[in-house]
Amino acid sequence: MPPIAPLDRSRSTTPAQSQPTTSTPQRTTAATTGGPSQTTARDAAREQLPPPLRENVLARPFDNNMLRAKLAAPPLSQVNSLVMSGKAVTREGLEAAHIADLVARIDISVTRTTLERQNRAADAEQEAHLQAQLREAAGAIATVDLGAMRRNYRAGVAKLGDNVTPTAVIKANGYGLGATKLAQVLIEEGCKDFFVARIGEAVDLRKSLRARFPEMADKVAINVLDGNLAGADPQLLIDHKITPVLNSLQQVKEWNAAARERRTALPAILQFDSGMHRAGMPNEDLEALLADQKANMGSIKPQFIMTHLAKSDDATKRPDGTFQAGEATEQQLANFKAITARFPFVKASIGASSTVLLDPKFHMDYVRLGGTFHAQDPIDGADNPYQQVLTLKSKIAQVRTVPPGGEIGYGGRFIATRPTDVATIPIGYADGPPRAPNGNPADGKESPVHVIIKARDEAGRDVSFKCPMIGATSMDMSTIDVTHVPEKYRHAGAEVTLMGDGITPNDFGGMYGTNPSETQTKLSPRIFMEYKESADVPKRPLDTAASANAWAA
Ligand SMILES: Cc1ncc(COP(=O)(O)O)c(C=O)c1O
């Protein structure tokens with residue numbers, strides 16, 4: 001590195017000279033660096049500089065030794081070249097030319113990607129800090145236990161034979177928990193086939209996987225249950241390598257025509273109605289399709305055929321622990337078997353999560369898992385083999401005592417019959433939990449919805465209090481009865497559990513008179529959502545070799 005040239009102390013800088021308008025080097029002397037005009041010039045220069053330089057070079061009056069020290073320390077130690085008046089200046093040239101002078105002439109822009117990287121790191125740090133602050137300030141926090149999700153996937157798959165391919169249904173934004181996040185976790189678990197409902201969801205998923213998981217993004221199949229809905233441009237599906245589930249003869253014909261026009265064959269899944277009467281080709285479509293299979297679907301590459309069961313959770317436990325499917329499910333199986341016989345060389349899928357616990361005849365070639373990941377009860381009334389993934393917590397905003405006769409909330413639906421300590425929690429129907437009228441003791445009605453306040457007593461034991469929701473749920477708030485909770489556990493900020501601490505997803509949905517999928521998919525973006533991995537569920541090595549995407553071939 002060349003020695004640093006001595007500063008020229010022969011000229012002092014006048015205010016005019018120090019203005020950053022000339023490209024002629026204007027030396028800055030130590031004597032002038034503290035003067036008001038120099039400060040003005042420097043401040044002007046400083047404003048022009050990117051933040052790292054601004055903070056690190058110009059924070060103090062110019063001083064060559066200080067500048068050398070600054071250049072040796074991060075982030076400027078990373079700066080190897082700058083552009084000055086359009087000319088690249090190397091780090092060495094920069095020192096030799098006296099950075100103090102250069103910065104005073106302002107025409108410096110940093111070009112190094114290292115600085116950009118540092119800025120990104122600083123941004124990430126700032127973002128992490130912001131997220132931590134937002135978490136503390138949040139009215140409600142949903143925590144997604146990805147370790148439990150991995151365990152549930154493994155437990156479900158362990159019940160399937162080696163020749164059965166597990167696929168993942170992550171529609172409705174992954175049942176409310178983030179489709180891309182879930183896809184990433186499940187891809188790491190070895191899943192390569194995904195279902196969503198809408199074409200828009202499929203496009204978003206492909207795009208976000210390309211951005212966040214590029215090595216796998218195009219190796220996974222993304223199937224769309226809506227199929228090529230009337231009016232949808234087939235090119236949209238083609239561009240994003242999305243496989244439609246064709247639900248009607250019309251959809252089959254249109255997809256076939258799109259393939260023909262492009263002189264190619266396009267992949268698809270064919271869905272048939274085996275008794276649910278909701279989606280898929282009814283018998284008349286099946287017969288018409290097969291009457292001229294070549295004309296109707298000669299340019300379609302069927303991946304498999306599928307149907308959906310209406311009552312697969314209605315099953316009875318046998319003494320040996322296996323489950324006997326209900327009559328309607330057995331009938332749908334028989335109906336679907338008759339359809340599969342018409343497509344002897346095509347694979348088939350009948351079942352969703354519940355079928356994992358049914359006899360292997362329900363597993364066929366592909367099982368479509370959804371609720372499994374979320375630990376929903378697979379069979380009505382049977383023990384749930386899965387581990388809770390989602391917890392939903394809020395915290396007390398304020399507490400008041402309402403005298404007998406006091407009305408609580410909109411419409412005064414709840415009238416206190418005794419002095420009632422009411423805690424308000426910052427979570428309302430706009431956050432997801434449905435609007436509930438809640439019980440009124442005056443009418444002899446118990447509230448169907450309750451939350452849990454859990455704490456540690458002085459002896460370090462867990463104590464838990466079940467608190468009914470009272471008064472109508474409003475948009476942003478709910479009210480709970482905490483009269484029976486000792487004051488030390490129900491102060492502002494005390495944690496309140498809506499889901500978790502014994503309240504399962506099915507309990508939560510049930511309290512609101514619906515199912516766990518509905519309450520979960522309705523969690524709004526206003527809830528702070530966080531993901532945690534478990535150290536005791538180590539990730540598996542990623543299989544980047546195999547592709548399940550018919551489009552990639
Ligand atoms: C066609 C189809 N397959 C699979 C699933 C997944 O169901 P589950 O969440 O019960 O696993 C659904 C969910 O609604 C579905 O509509």
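The values are calculated or read from the model by the stated rules, or taken from the named source; none is laboratory data. Everything quoted here is computed from the prediction, not taken from an experiment. For neighbour counting, all protein chains shown are included, and Cβ atoms are generated from backbone atoms with ideal geometry for every residue, glycine included.
The helices (runs of 4 or more DSSP H) found entirely in region 199-262 that carry 3 or more residues being farther than 19 Å from Asp285 by Cα and within 16 Å of the ligand (Cβ to nearest atom) are 199-212.
Look at region 287-311: where a residue is within 15 Å of the ligand (Cβ to nearest atom) and a partner is among the acidic types (Asp, Glu), sitting 6+ places away or on another chain with Cβ atoms under 8 Å, you get Phe304/Asp365; Thr307/Asp273. The residue pairs whose first member lies in region 243-269 and is in the same structural domain as Val346 (by TED's automatic domain parsing) and more than 20 Å from Ala288 (Cα to Cα), whose second member is hydroxyl-bearing (Ser, Thr, Tyr) and within 16 Å of the ligand (Cβ to nearest atom), and whose beta carbons are closer than 9 Å, counting only pairs six or more residues apart or on different chains, are Leu266/Thr243; Pro267/Thr243. Given the criteria of a type in the set (A, V, I, L, M) and part of a loop (DSSP other than H, G, I, E, B), does Val463 qualify? In short, no.
May I ask you to say which residue of Thr479, Thr497, Thr483 is outside any strand (DSSP E or B) and not aromatic (Phe, Trp, Tyr)? Residue meeting the stated conditions: Thr483. Consider Ile339 carefully, then state whether it is more than 15 Å from the ligand (Cβ to nearest atom) and in contact (Cβ under 8 Å) with a residue 12 or more places away in the chain. Here the answer is yes, as Ile339 does meet what is asked. Within region 512-523, the residues that satisfy the criterion of being of a type outside the set (Phe, Trp, Tyr), crowded, with 16+ Cβ neighbours inside 10 Å and not in a helix (DSSP H, G or I) are Asn515, Lys522, Leu523. With the condition kept exactly as written, say whether any residue in region 164-173 is of a type in the set (A, V, I, L, M, F, W, C), touching a strand residue (DSSP E or B) at 6+ places or on another chain (Cβ under 6 Å), within 16 Å of the ligand (Cβ to nearest atom) and farther than 20 Å from Ile269 by Cβ. So far as region 164-173 goes, no, none of its residues is of a type in the set (A, V, I, L, M, F, W, C), touching a strand residue (DSSP E or B) at 6+ places or on another chain (Cβ under 6 Å), within 16 Å of the ligand (Cβ to nearest atom) and farther than 20 Å from Ile269 by Cβ. Restricting region 356-407 to residues that are β-branched (Val, Ile, Thr) and part of a helix (DSSP H, G or I) leaves a set whose member that is nearest to Thr521 (Cα to Cα) is Thr372.
Tallying residues that are over 16 Å from Ala352 (Cβ atoms), in contact with a helix residue (DSSP H, G or I) (Cβ under 6 Å, 6 or more places away or on another chain) and of a type in the set (A, V, I, L, M) within region 371-397 yields 1.
Would you please list the contacts, defined by Cβ atoms under 7 Å and residues six or more apart or on different chains, that run from a residue in region 353-371 that is within 16 Å of Pro385 (Cα to Cα) and not assigned by TED's automatic domain parsing to the domain that holds Phe195 to a residue that is of a type outside the set (S, T, N, Q) and in a loop (DSSP other than H, G, I, E, B)? If the second residue must be of a type outside the set (S, T, N, Q) and in a loop (DSSP other than H, G, I, E, B), no pairs are left. Within region 156-172, residues that are in contact (Cβ under 8 Å) with a residue 12 or more places away in the chain have Cβ atoms under 9 Å from residues that are near the ligand (Cβ under 10 Å from one of its atoms) and basic (Lys, Arg) in these pairs: Pro166/Arg368; Thr167/Arg368; Ala168/Arg368; Val169/Arg368, counting only partners at least 6 apart in sequence or on another chain.
Being small (Gly, Ala, Ser) and either at pLDDT 95 or above or surrounded by 13 or more Cβ atoms within 10 Å (Cβ to Cβ) (or both) is the filter here; which residues of region 524-553 pass it?
Taking region 524-553 and keeping what is small (Gly, Ala, Ser), we get 524, 534-535, 545-548, 550, 552-553.
Residues satisfying the conditions are Ser524, Ser534, Ser547, Ala548, Ala550.
Taken over region 309-355, the residue count meeting the criterion of being farther than 27 Å from Leu286 by Cβ and part of a strand (DSSP E or B) is 5.
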